[in-house]
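Presented below is the structure to which this report refers.
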Amino acid sequence: MNVIVAGCGRVGAALADSLDAEGHDVVVIDKRPEAFRRLREGYGGRTLQGIVFDRDTLEEAGIREAHAFIAVTSGDNSNIVSARTVRERFGVEHVIARIYDPQRAEIYERLGVVTVAAARWTVDEIRRGLLSEEEQIDAALGAGAGEVVIVSIPVPEGVTGVDARQLDDPGRWTVAAVTREGRTEVPHTDALIGGGDRVHLAVQRDAVSDVRARVLSLGGAR
């Protein structure tokens with residue numbers, strides 16, 4: 001996805017880092033150039049100094065091609081004005097804003113802006129509002145946004161009798177559990193998986209896109 005993150009504070013930087021590490025195209029906007037120092041050394045997205053609700057700044061960030069816009073500045077007003085501008089003027093599908101005032105959050109939810117209260121704002125919380133069920137990260141382990149994540153991926157329909165351990169890629173990911181018909185278990189040595197199952201994997205964060213492609217390729221699925 002093309003994602004624009006408005007605000008490069010602690011949460012904005014962690015979110016930008018994690019999305020960039022997974023292969024998404026990320027642009028971070030902040031009015032303070034020093035804020036970009038929070039990004040990890042290997043960050044490969046763009047940074048843009050500017051006001052997050054300024055239309056020229058949004059245009060320069062590529063708002064017309066953006067799939068998602070996430071407002072995480074320190075101020076409710078900046079988050080709401082930028083989110084409404086992006087939603088109403090540019091028609092971006094996924095718009096999420098951090099709101100400190102719960103009464104205001106309720107109002108803007110009615111306008112189609114997903115809001116997350118500051119008290120429960122985390123990188124993984126925002127991802128649950130941003131990504132589809134198939135793309136969600138269930139948990140993160142390690143410092144910052146988490147170097148290792150737990151990812152749940154449905155096995156494509158039509159796949160039958162595949163050895164669960166065939167999915168393992170030592171050093172990058174491993175199958176931790178399999179869910180079938182509502183029951184989740186750690187797979188035994190010769191466990192087989194098929195369409196309708198859901199595999200839960202422990203994955204290095206920078207390998208999330210690769211492991212999803214690997215599961216989708218089972219049995220020739222695309």
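Please treat every number below as a calculation from the coordinates, not as lab data. Since this is a predicted model, take the numbers as computed values, not measurements.
Leu216 to Arg64: extension gain in nm, 0.36 nm per residue of separation minus the Cα-Cα distance? It would help to have the intermediate numbers written out before the result.
Values: separation 152, 0.36 × 152 = 54.72 nm, distance 2.98 nm.
This chain segment gains 51.7 nm when fully extended.
Quick one: length gained pulling Arg46 to Asn77 fully straight, 0.36 nm per residue minus the C-alpha distance?
That pair, Arg46 and Asn77, stretches by 8.7 nm at full extension.
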